[in-house]
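Please read the structure below before turning to the comments.
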Amino acid sequence: MDFHYPSASSLGLLNAIMSVGSLVALPVVPYIADGLGRRAGILTGCIIMIIGVVVQSAAMKLSMFIGARFLIGFGVAIAHGASPLLLTELTHPQHRATFTTIYNTTWYLGSIVAAWLTFGTFHIQNHWAWRIPSIVQAFPSILQLTFIWFVPESPRFLIAKGKVEQAHKVLADVHANGNLDDEVVMLELNEIRDTLKLEQEFEGNNWTELFKTPGNRHRLIILCSVGFFSQWSGNGLVSYYLTLVLDQIGITDTNTQLVINGVLQIVNFIVAVGQCFFVDRIGRRTLFLISTAGMMMAFIVQTICSARFVVDGTDAAANSVVAFIFIYYVFYNIAFSGLLVGYSVEILPYNIRAKGMTLMFLCVDLALFFNQYVNPVALKHIHWKYYIVYCVWLGFELFIVWKFYIETRNTPLEEIAKYFDGEDAVVGGAVATEKSKALAAEMGGLGTVNMTEKDGLAVEHREL
């Protein structure tokens, strides 16, 4: 095989090996995030990614390139596993939905850079055409390594490690401009401390906790489904193999393909970031339903247009396919680009948050591996008929979202447990929960709250 011109199966391996690296790293992610800290996870992941980029950029043969991609995937899993935990646990409750949803949409910033950078380097007639994009991969990790020192550790992690005073200062700095006596800061501190104490006393933090209770099994269904759905909704065809999709509808000019990809990434970023500001207004469940139904309709039309192109070969059919690729991604980005992380991380209580997110990312990586290795082969052999598989699958996705996805908008992080665990929900801090209830009511929250006591600590559940 020519190193610079890989076959379809080799191209699949070059993409899929990064997911393999992530899969191998996932088992250690929660132990780094829970044992060493959220910041330590980010630092570790970034260092490994930079090493991988150096090796990839200097690769002289296929095995070296594949090994480098494995390292990059390994580092991505660690950094990506710790980052949303830190963000969620630092963000003010009023801004949590927006910030945590924006987090995953910034993927498109990298995608935009990659799309237009490769457009620019395409005309370079030597190995620098791919080495330059490889080198640029290191810049985000370098930025994170530089600025992570200015970001405090998660107050929930600090309290879990017995560093209550340090956590108090962090909460004051990020939520009250340094005022240690701020009422909201004191309420948050008490609620976090009491909730973690209750979780340690009545619940564990090992892997079996993910399966023990009906509430956690419900969370598990959501985590696994959103992980697979984020990659198995047909988006994997365009994300990695847009060139093959366009080739099959007669758009074979490389410049045209690169421009379509570049414009698509810009549109994706605008839509994905824009929807982040409506998460609490519209609601997570509603956004997921709109997104999944819209993707299914757009993909069905795209499939029909692709079939028509095979029959009559008209430009109208080809242009319709391109148009519905854009429409499909508008619907995809309404929910899955941002809420993949934003929704998953908030439905998990602290004691299983790192492990739950690891499981979700495991599902993402398994789906990615399948996509990256199987999609190019399937497209090559059965062409547009492969799209029918995703049309049927999207109908299944819509049913799962309708059946299992719970609305969590306008609810403080520690109190989301009530929607899954009911009367068994562990939420500490009587004063804090009363204050949170009042704030939630002001923001449009619904329901009534009942208070009970366990060993002197307040435990609350809300009946909807």
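Here are a few things to note about the model shown:
- Lone unmet requirement of (1) out of contact with any Cys (no Cβ under 7 Å at 6 or more places or on another chain); (2) of a type in the set (A, V, I, L, M); (3) touching a residue at least 12 places away in the same chain (Cβ under 8 Å) for Met186: (3)
Residue-by-condition table, conditions (1) among the basic types (Lys, Arg); (2) at pLDDT 90 or above; (3) more than 30 Å from Leu198 (Cβ to Cβ):
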| site | (1), (2), (3) |
| --- | --- |
| Arg284 | yes, yes, no |
| Gly313 | no, no, yes |
| Asn319 | no, yes, yes |
| Thr358 | no, no, no |
| Leu366 | no, no, yes |
| Asn371 | no, no, yes |
| His383 | no, no, yes |
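- Selection status of Ala16, in a helix (DSSP H, G or I), under 16 Å from Phe361 (Cα atoms), free of Cβ contacts under 8 Å to residues at least 60 places away in the same chain and aliphatic (A, V, I, L, M): no
- Number of the condition not met by Phe277 [criteria: (1) over 20 Å from Ala16 (Cα atoms); (2) assigned to a helix (DSSP H, G or I); (3) free of Cβ contacts under 8 Å to residues at least 60 places away in the same chain]: (3)
- Restricting the stretch 375-421 to residues that are charged (D, E, K, R) and in a helix (DSSP H, G or I), the residue that is surrounded by the fewest Cβ atoms within 10 Å (Cβ to Cβ): Lys403
- If the condition is being of a type outside the set (Gly, Ala, Ser) and assigned to a loop (DSSP other than H, G, I, E, B), then the stretch 220-258 contributes Gln231, Trp232, Gln248, Ile249, Ile251, Thr252, Asp253.
- Scope the stretch 78-135; condition of a type in the set (Phe, Trp, Tyr) and either part of a helix (DSSP H, G or I) or without any contact (Cβ under 8 Å) to a residue 12 or more places away in the chain (or both); matching residues: Phe99, Tyr103, Trp107, Tyr108, Trp116, Phe119, Trp128, Trp130
- Only residues that are within 17 Å of Ser239 (Cα to Cα), in contact with a helix residue (DSSP H, G or I) (Cβ under 8 Å, 6 or more places away or on another chain) and of a type outside the set (S, T, N, Q) were counted across the stretch 297-342, and they come to 18.
The values are calculated or read from the model by the stated rules, or taken from the named source; none is laboratory data. Being a predicted model, the structure only gives us computed values, none of them experimental. FYI the Cβ positions are ideal-geometry reconstructions off the backbone, even for glycines, and counts take in every protein chain you see.
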